[in-house]
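Undergrad: Got a structure here, written out as structure tokens. Questions coming.
The values are calculated or read from the model by the stated rules, or taken from the named source; none is laboratory data. Source: prediction; values computed, not measured. Cβ sites come from the backbone with ideal geometry, for glycine too, and all protein chains shown count toward neighbours.
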Amino acid sequence: MRKTGILGIAFLLMAFTSGAALAQGLRVAVIDINKILNESEPGMAAKKKMETRYEELKKKLDARQEEARGLKEELDKQKVMIGKEKLKEKEDALQAKVNEIRQLTQEGEQEMQTRQGEFTREILKRIENQVDVVVKAEKFDLVLERSAGVVYFNESMDITKRVLDLVNKNGKEAGAKKEPGAKKEGGGGK
């Protein structure tokens, strides 16, 4: 029994010392993906596109809502003066307009969610590529996402700024490569 206890203590000591030795050689980095998504040029461009499309959808929806308000006001004014058949016809038209507004709202919300998902996936791919570049260059063994429960870390472990700069740099290069092709295409069609 005594031998087992001594062996157990020896095993624990060995495990702790080998774990400490392993941890000393482990290179760890921390990254804030949300910060990169929100502050990178591709992220801000995607956000601007989303806001522009949202405004377009909102104008379309506001116009339909104004039409529905007009129908409701007209119906309220004429309710007493028109016959039952005409009243039913106008109520049906109003209900159809309300249903159209609901459908447009649902389609708009679905479109915005789909676009946001597409933009986010595209930017996350860029971020992942740049994280790989930094990890390989700095020979990191482990990268932790800041929002995934990291309580404390030394600021020297944070690679967010480096990755953000690379994403922005590559975003500009990708944009510069696309622009000349777009100009040739547009100029050749006229």
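Residue by residue, here is whether (1) of a type in the set (S, T, Y); (2) more than 30 Å from K47 (Cβ to Cβ); (3) modelled with pLDDT under 95; (4) not in a helix (DSSP H, G or I) holds:
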{"residue": "E74", "(1), (2), (3), (4)": "no, yes, yes, no"}
{"residue": "K77", "(1), (2), (3), (4)": "no, yes, yes, no"}
{"residue": "M81", "(1), (2), (3), (4)": "no, yes, yes, yes"}
{"residue": "L87", "(1), (2), (3), (4)": "no, yes, yes, no"}
{"residue": "A93", "(1), (2), (3), (4)": "no, yes, yes, no"}
{"residue": "A96", "(1), (2), (3), (4)": "no, yes, yes, no"}
{"residue": "I101", "(1), (2), (3), (4)": "no, no, yes, no"}
{"residue": "Q106", "(1), (2), (3), (4)": "no, no, no, no"}
{"residue": "Q110", "(1), (2), (3), (4)": "no, no, no, no"}
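Undergrad: Ok, one more. Kindly establish whether L26 is under 30 Å from K136 (Cα atoms) and at pLDDT 90 or above.
TA: When the stated conditions are applied, L26 passes them.
Undergrad: Could you list, in sequence order, the residues of segment 58-86 that are within 15 Å of A96 (Cβ to Cβ) and touching a helix residue (DSSP H, G or I) at 6+ places or on another chain (Cβ under 8 Å)?
TA: R64, Q65, E67, A68, L71, K72, E74, L75
Undergrad: Of all residues in segment 132-158 being over 12 Å from R27 (Cα atoms) and among the β-branched types (V, I, T), which is surrounded by the fewest Cβ atoms within 10 Å (Cβ to Cβ)?
TA: This residue is V151.
Undergrad: Considering only segment 31-45, state which residues are assigned to a helix (DSSP H, G or I) and either within 16 Å of E128 (Cβ to Cβ) or among the β-branched types (V, I, T) (or both).
TA: Across segment 31-45, the qualifying residues are I33, N34, K35, I36, L37, P42, G43.
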